[in-house]
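**Q** My structure is below; once you've seen it, I'll send some questions.
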Amino acid sequence: MSDGRTTPLAERLAGLDSWHADWSGLRVAVLGLGTTGFSVADTLAELGADVLVVAPTVDPGKAELLQLIGARLDEVESLEAPSSTLTAFDAQLVVASPGFAPHHPLIRWAVGSELAVWGDVELAWRVRDKVERVADWVLVTGTNGKTTTTQLAAAMAAADGRRVAPCGNIGVPVLDAVRDPDGFDLFVVELSSHQLHYLPTEGPGALRPRASVCLNLEADHLEWHGGVDAYRDAKAKVYENTTVACVYNKADEATLRMVEDADVEEGCRAVGFGLDAPGPSEVGIVTGDGVSVLADRAFLDARHTRALELTTREALEGVGLAADHLLEDVLAAAALVRAVGVAPVSIRDALAGFAVDHHRTEVVAESGGVTWVDDSKATNPHAARASLTAFPSVVWIVGGLFKGVDVEPLVLESTGAVRAAVFVGVDREPLRQAFSRHAPGIPVFEVDATDTGQVMPTAVRLAASVARPGDTVLLAPAAASMDQFTDYTARGRSFSQAVHEHLRGDVDGQPAVQPPAPSAD
């Protein structure tokens, strides 16, 4: 048990606040060898640390890469306890990939051994000064909309002439961006709750972003965090130590409470975004004379009497950004980049050429009056709700892994729009119970196929059998995909392919295979 005194190791770790500090010989155990884990190992090896990567079933190519960069590999069959190699390594620091939950046996071992446990983002912050051009950081989190908002903010900053890197949970590790030899003016960092969990709120590893946002908060990843409160507390860390603007969702009181509770730099302001007319220190939408203007009343001196036009809802319709949840993403992104001085005209120009990513409320086909929409990115009920409210009459393809989240409220709220439902995934019982209780009159079909290659073709055939002109067949699973697909991208791609194959083989508009009768509830 620690007696509270600072140890030489703790003093050394506290002094590692720069790329140019002395990292040589520091024994670091890196947990995981995915994209993030490799970026950590590569960075530490470049810094001169002694690196041991702990991971199961490593691809031979990655193992060879580790050898080339000078890191060692502890390839283990099980991660349930530290191996003899890890124990003998006598690590001075552990850096955990985001997939390692706080209750993971190796994390518990590290904490019990009084080892410091960092995440990749903390390491990136500490070494952010590798090149002379040190980027400002803005942070994006939330249950839904993170990636779109990150991409929007990056596009807006780029249109303003900034060299910008969207990074973090979006797919490009922050450490890769930090080590770019040309440097950047701005990092737009998407942070998952997993990454935020491992961030300190004080000391040399604590982030100090220019602006930050939590877009919304709904229960998610409860099995990882251990409960709603822990999930909320992780998300709230995004606002800590912000220097210019804490951006919050006026329609989600939880995000405002996070801002009110955050310890921020003196002079930092709370900036709200919403779909109504903005007040001072807000961004929102002003409607009149047949036009809806997205307006900034936060980042101008005369904000009590004036507003700056950013774009119009009508202009956003042409690029697929006019749905309410996407408008919120646009407003949040605009507030973030206005906080770092991006001009309104640059925001307008960026939006005019912006394209939403695949699998995010993406129209994949229209045929016979039926629209087919892929929102595979809707991996929780909150995201699915945003899609369901965008269409008046829906044949809903739903299901997967619910990760401990209650789907019943979503089913209750959606009975007015949903004409029929097709269940996919292994976690069916919560759906059966919810539809039986709240929507007994809605036809329900279940996909019995267990082979991944047949799941979406079967779901599409079932949906086509009940869809009629004016309907939207909507893949909005409200659940994770890993029960039947590698990720939400693979799930969405399978859906899109199945739709196109079905429509090519069904030119007369009739279902190629007659479906079974709806399941009895």
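**Q** Can you tell me which residues in the range 301-325 are at pLDDT below 95, of a type in the set (D, E, K, R) and either open to solvent by less than 60 Å² (accessible area, probe 1.4 Å) or not in a helix (DSSP H, G or I) (or both)?
**A** Asp301, Arg303, Arg306, listed by residue number.
**Q** Would you pick out the residues in the range 330-376 that are over 30 Å from Leu503 (Cβ atoms) and acidic (Asp, Glu)?
**A** Residue satisfying the conditions is Asp349 alone.
**Q** If you go through the range 62-86 one residue at a time, how many are in a loop (DSSP other than H, G, I, E, B) and either within 29 Å of the chain's Cα centre (by Cα) or surrounded by 15 or more Cβ atoms within 10 Å (Cβ to Cβ) (or both)?
**A** So the count comes out to 7.
**Q** Before we move on, is Asp506 modelled with pLDDT under 90 and over 29 Å from Tyr231 (Cβ atoms)?
**A** So Asp506 passes the test.
**Q** Hey, another quick one. Out of the residues in the range 22-43 that are farther than 22 Å from Leu79 by Cα and without any contact (Cβ under 8 Å) to a residue 60 or more places away in the chain, which is most open to solvent (accessible area, probe 1.4 Å)?
**A** If we take residues in the range 22-43 being farther than 22 Å from Leu79 by Cα and without any contact (Cβ under 8 Å) to a residue 60 or more places away in the chain, then Asp22 is most open to solvent (accessible area, probe 1.4 Å).
**Q** Continuing with the same structure: Gly227 is checked against (1) open to solvent by less than 30 Å² (accessible area, probe 1.4 Å); (2) under 28 Å from His103 (Cα atoms); (3) in contact with a helix residue (DSSP H, G or I) (Cβ under 6 Å, 6 or more places away or on another chain) and fails just one. What number does that condition carry?
**A** (3)
**Q** For the range 461-500, name all the residues that are in a helix (DSSP H, G or I), closer than 26 Å to Gly404 by Cα and of a type in the set (Val, Ile, Thr).
**A** Hit for the range 461-500 is Thr489, nothing else.
**Q** Give all pairs with beta carbons closer than 8 Å in which a residue from the range 431-443 that is assigned to a helix (DSSP H, G or I) meets a residue that is acidic (Asp, Glu) and open to solvent by 30 Å² or more (accessible area, probe 1.4 Å); count only pairs at least 6 apart in sequence or on separate chains.
**A** Hits for this filter: Arg432/Asp521; Gln433/Glu408; Ala434/Glu408; Phe435/Asp521; Ser436/Asp521; Arg437/Glu408; His438/Glu408.
**Q** So which residues in the range 230-265 are of a type in the set (Val, Ile, Thr), in a helix (DSSP H, G or I) and farther than 12 Å from Thr141 by Cβ?
**A** Passing the criteria: only Val259.
**Q** I'm trying to understand the selection: among the residues of the range 296-317, which are over 30 Å from Gly267 (Cα atoms) and touching a residue at least 24 places away in the same chain (Cβ under 8 Å)?
**A** Answer for the range 296-317, where residues must be over 30 Å from Gly267 (Cα atoms) and touching a residue at least 24 places away in the same chain (Cβ under 8 Å): Arg313, Ala315, Leu316.
**Q** Anything in the range 326-345 that is closer than 30 Å to Ala479 by Cβ and buried (at least 22 other Cβ atoms within 10 Å of the Cβ)? List them, or say none.
**A** Matches in the range 326-345: Leu326, Glu328, Asp329, Val330, Leu331, Ala332, Ala333, Leu336.
**Q** Residues being more than 28 Å from the chain's Cα centre (by Cα), more than 15 Å from Leu106 (Cβ to Cβ) and at pLDDT 95 or above: count how many of those fall in the range 22-61.
**A** So the answer is 13.
**Q** Here are some residues: Ala335, Ala352, Ala295. Which one is touching a Phe, Trp or Tyr at 6+ places or on another chain (Cβ under 6 Å), among the aliphatic types (A, V, I, L, M) and at pLDDT 90 or above?
**A** Ala335
**Q** What pairs can you find where one residue is in the range 460-484 and without any contact (Cβ under 8 Å) to a residue 60 or more places away in the chain, the other is open to solvent by 20 Å² or more (accessible area, probe 1.4 Å) and hydroxyl-bearing (Ser, Thr, Tyr), and their Cβ atoms are less than 7 Å apart, with a gap of 6+ or different chains?
**A** If the second residue must be open to solvent by 20 Å² or more (accessible area, probe 1.4 Å) and hydroxyl-bearing (Ser, Thr, Tyr), no pairs are left.
**Q** I'm told Thr458 meets every condition in (1) outside any helix (DSSP H, G or I); (2) in contact with an Asp or Glu (Cβ under 9 Å, 6 or more places away or on another chain); (3) hydroxyl-bearing (Ser, Thr, Tyr) except one. Can you identify the failing condition by its number?
**A** (1)
**Q** Testing Glu122 on (1) open to solvent by 20 Å² or more (accessible area, probe 1.4 Å); (2) out of contact with any helix residue (DSSP H, G or I) (no Cβ under 7 Å at 6 or more places or on another chain); (3) closer than 23 Å to Gly168 by Cβ; (4) charged (D, E, K, R), one condition comes back false. Which one is that?
**A** (1)
**Q** Report yes if Asp406 is surrounded by fewer than 22 Cβ atoms within 10 Å (Cβ to Cβ), in contact (Cβ under 8 Å) with a residue 40 or more places away in the chain and out of contact with any Leu (no Cβ under 6 Å at 6 or more places or on another chain), otherwise no.
**A** Here the answer is yes, as Asp406 does meet what is asked.
**Q** Quickly run through the range 235-285 and pick out the residues that are basic (Lys, Arg) and touching a residue at least 60 places away in the same chain (Cβ under 8 Å).
**A** Lys235, the sole residue that qualifies.
**Q** Please work out if Asn169 is among the polar types (S, T, N, Q), touching a helix residue (DSSP H, G or I) at 6+ places or on another chain (Cβ under 8 Å), in contact (Cβ under 8 Å) with a residue 60 or more places away in the chain and surrounded by fewer than 24 Cβ atoms within 10 Å (Cβ to Cβ).
**A** The answer is yes for Asn169.
**Q** I'd like to verify a number: residues in the range 346-396 that are open to solvent by 10 Å² or more (accessible area, probe 1.4 Å), of a type in the set (Asp, Glu) and farther than 15 Å from His325 by Cβ, how many?
**A** So the count comes out to 2.
The values are calculated or read from the model by the stated rules, or taken from the named source; none is laboratory data. Not measured: the values here are computed from a predicted model. Neighbour counts run over all protein chains shown; Cβ positions are idealised from the backbone, glycine included. Quick note on the areas: whole protein, heavy atoms, side chains included, nothing else; ligands and nucleic acids left out. Shrake-Rupley method; radii C 1.70, N 1.55, O 1.52, S 1.80 Å.
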